[in-house]
């Protein structure tokens, strides 16, 4: 027998969930900023002041780069959703930033999928999740291609110890995983949330090639923007390095950091640790690298998530974007 929960109780628990997401996100952000074992906040703040990071010119440039980073992410999401329904730029903005806030406290940004899907009718949510996955896959594709090139150059240039035996083993494992996925795609009994691999692949292949192309272009544009922002911060902090040399390390860093499964809020710790290791070969001070990655995290995750918190708190059911 089905029991219908009263509307007021549903609303109460929904408000409770929204508050929990925002409070948890703010708590994690606070712990990573104020109680960071890797980088003392007072020292970090003093370092920023000493290097004139808060000058009008630097603030404007850094904020513009962060703005366009998210501008192209929002455009990408709007263009992806266009395949099943039209949404405004404002709606895409709300969904993207609310998804960011929800993703901060979930492993591998899973919360982003649920937060965006809930904006739509139940009949569209599976497709929305798949479109979101497609957008993230495009970003990962760019990260992998550029990171692979950068890492090869890095390994050939610097005396880093590489176990070719382990590389071969990893390569074999990746081939086996690829083979398993291919075989599974042929079997309808293998399903994800009630949908077979074949139906998922059919959905992806049904999307026009032009849409996939725009997806990759938006992802590449974002990548070039936030990687240049990191390079600009290095210049502010007095690191004498060419753009090419910096990009070899930066692309390698983003690739290695993206491989490690983690909760989004710890992204700054992982990127910081990988960056410290890689930039040590260029003789860059550890404190400078930790300050750079921390500021990147503040500009591109923390500040946008504050706006996202507003959208999370103001989201109301049942008002999907499309029916």
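Matching residues to (1) at pLDDT 80 or above; (2) in contact with a strand residue (DSSP E or B) (Cβ under 6 Å, 6 or more places away or on another chain); (3) within 21 Å of residue 232 (Cα to Cα):
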| site | (1), (2), (3) |
| --- | --- |
| 46 | yes, no, yes |
| 53 | yes, no, yes |
| 56 | yes, no, yes |
| 100 | yes, no, no |
| 109 | no, no, no |
| 117 | yes, no, no |
Item checked: Output for region 257-298, where each listed residue is within 15 Å of the chain's Cα centre (by Cα), modelled with pLDDT of 85 or more and surrounded by fewer than 20 Cβ atoms within 10 Å (Cβ to Cβ) -> 298
Check: Considering region 270-285 alone, what residues qualify as being in contact with a helix residue (DSSP H, G or I) (Cβ under 7 Å, 6 or more places away or on another chain) and closer than 12 Å to residue 237 by Cβ?
Finding: 279
Next item on the list: Mind listing just one residue for me: the one in region 119-165 that is outside any helix (DSSP H, G or I) and modelled with pLDDT of 85 or more and, of those, farthest from residue 313 (Cα to Cα)?
Entry: 121
Next item on the list: Looking at (1) over 30 Å from residue 103 (Cα atoms); (2) surrounded by fewer than 11 Cβ atoms within 10 Å (Cβ to Cβ); (3) at pLDDT 60 or above, find the lone condition where residue 206 falls short.
Entry: (1)
Check: Within region 78-88, can one find any residue that is closer than 18 Å to residue 212 by Cα and crowded, with 21+ Cβ neighbours inside 10 Å?
Finding: yes
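The values are calculated or read from the model by the stated rules, or taken from the named source; none is laboratory data. These numbers come from a predicted model, not from an experiment. Ideal geometry is used to build each Cβ from the backbone, glycine not excepted, and the neighbour counts take in all protein chains shown.
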